[in-house]
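Colleague: One structure is given below, represented as C-alpha cells, and several questions about it will come after.
The values are calculated or read from the model by the stated rules, or taken from the named source; none is laboratory data. The model shown is predicted, which means the values in this text are computed figures rather than measured ones. As a convention, Cβ positions derive from the backbone with ideal geometry for all residues, glycine included, and neighbour counts pool all protein chains shown. Ligands, DNA and RNA are stripped out before the accessible areas are found, and what is left, the full protein with its side chains, is counted by its heavy atoms. Shrake-Rupley method; radii C 1.70, N 1.55, O 1.52, S 1.80 Å.
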Amino acid sequence: MAVLPYLDFLILNAVEADQLRQATGKSPGDLDVADVIVTLGADGADWYGTAGHQHFPAIKVDPVDTTGAGDTFTGYVLAGLDRGMPMAQAIGQAMRAAALMVMRHGTADVIPDLSEVQAFQSRG
C-alpha cells in the first residue's frame, strides 16, 4: 500500500484487485493512480483512467494453455504505450496478443510477435 502514492500506472489481475480492495477499502477506480487495468481472463479487461471506466471484452478463441497470457498482455500494453499509442489502442493490441498466446502451448518461446498480432487484427 505504501507504494500506491508513487504510481501512475498499475496492472492487476482480478484476484490481485480484490486483495487490494480488501487491504485498502478502495475499488480499482477509486485508487489515486491515473491508470489501472484489471485483467479478467476470459472476461476481458477493465481500464480505470482519468476519463472513467472502459471494459474491453475478451476475444473469443479456443484456449489450449493460458500460461503466460497475463504477462503477454502486460508486455503488449507497455510496448504500445512506449510506441506512443493511446491507452485504449495499447489495450486492444494486448487483448489480441493474449488471445493468440492462449491458443498455443508454451510460455516465453511462443509469445506472438507484433506482425502476428497485426495479422490477427486484420482478419477479425
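Colleague: Ignoring any ligand, DNA or RNA, what whole percent of the accessible area of the chain comes from carbon and sulfur when the probe is 1.4 angstrom? Can you show the working numbers first?
Modeller: Working: 3790 of 7070 Å².
Here carbon and sulfur together make up 54 percent of the probe-accessible area.
Colleague: Let me ask another. Rounded to the nearest 10 Å², what accessible area does T39 have for a 1.4 Å probe in the complete protein model?
Modeller: 30
Colleague: If you average 1/r over all unlike Cα pairs in the range 31-95 and invert the result, what Kirkwood radius do you get in angstrom? List each step's numbers first, then the result.
Modeller: Working: mean 1/r = 0.0814 Å⁻¹.
12.3 Å is the Kirkwood radius here.
Colleague: What list of ³J(HN,Hα) couplings, whole Hz, do you get for the range 3-8 from phi and the Karplus terms 6.51, -1.76, 1.60, once you set θ to phi - 60° and write x for glycine and proline?
Modeller: 7, 3, x, 9, 9, 10
Colleague: Whole-Hz ³J(HN,Hα) for each residue in the range 73-85, computed from phi via Karplus 6.51 cos²θ - 1.76 cosθ + 1.60 with θ = phi - 60°, x for glycine and proline: what do you get?
Modeller: The phi angles translate into 4, 4, x, 6, 4, 5, 5, x, 5, 4, 8, x, 5 Hz.
Colleague: Ignoring everything but the protein chains, give the 1.4 Å probe accessible area of D30 in square angstrom, nearest 10.
Modeller: Estimated to the nearest 10 Å², D30 gives 90 Å².
Colleague: Among A23, F9, A98, which residue has its Cα positioned farthest towards the positive end of the charge dipole of the chain, with +1 placed on the Cβ of Lys and Arg, -1 on the Cβ of Asp and Glu, and the dipole taken about the Cα centre?
Modeller: It is A98.
Colleague: Something else now. Binned at 5 Å from 0, what are the whole-percent values of the Cα-Cα distance distribution for the chain, short to long?
Modeller: It works out to 2, 11, 21, 24, 19, 12, 8, 3, 0, in whole percents.
Colleague: When ligands, DNA and RNA are left out and all protein chains stay put, how many square angstrom of accessible area per residue does the chain have with a 1.4 Å probe?
Modeller: Details: 7070 Å² over 124 residues.
Averaged over the residues of the chain, the accessible area is 57 Å².
Colleague: Expressed in nm to one decimal, what extension gain is obtained for the pair A51 and F9 from 0.36 nm per residue of sequence separation less their Cα-Cα distance?
Modeller: On the way: separation 42, 0.36 × 42 = 15.12 nm, distance 1.43 nm.
Going from the current span to full extension adds 13.7 nm.
Colleague: Taking the Kirkwood radius as the inverse of the mean 1/r across Cα pairs, report the Rg/Rh of the range 5-50.
Modeller: Numbers: Rg = 9.9 Å, Rh = 10.6 Å.
Taking Rh as the inverse mean 1/r over Cα pairs, Rg/Rh reads 0.94.
Colleague: Could you give the alpha-carbon Rg of the range 68-119 over 2.2 N^0.38 Å, rounded to two decimals?
Modeller: 1.02
Colleague: Got a sec to turn the phi values of the range 89-94 into Karplus ³J(HN,Hα) couplings, 6.51 cos²θ - 1.76 cosθ + 1.60 with θ = phi - 60°, whole Hz, x for Gly and Pro?
Modeller: Per-residue couplings from phi come out as 5, 5, 5, x, 5, 5 Hz.
Colleague: Counting only the backbone N, which residues of the range 54-92 are under 18 Å from the spot 7 Å out from the Cα of S27 toward its beta-carbon?
Modeller: 54-57
Colleague: Could I ask something else about it? Taking H as built 1.01 Å from N, whose amide H comes closer than 5 Å to the amide H of G44, not counting residues under 5 places away?
Modeller: A58
Colleague: Under 5 Å between amide hydrogens, which residues at least 5 positions from N13 or on another chain qualify, with H placed 1.01 Å from N in the peptide plane?
Modeller: Residues meeting the amide H criterion: T39.
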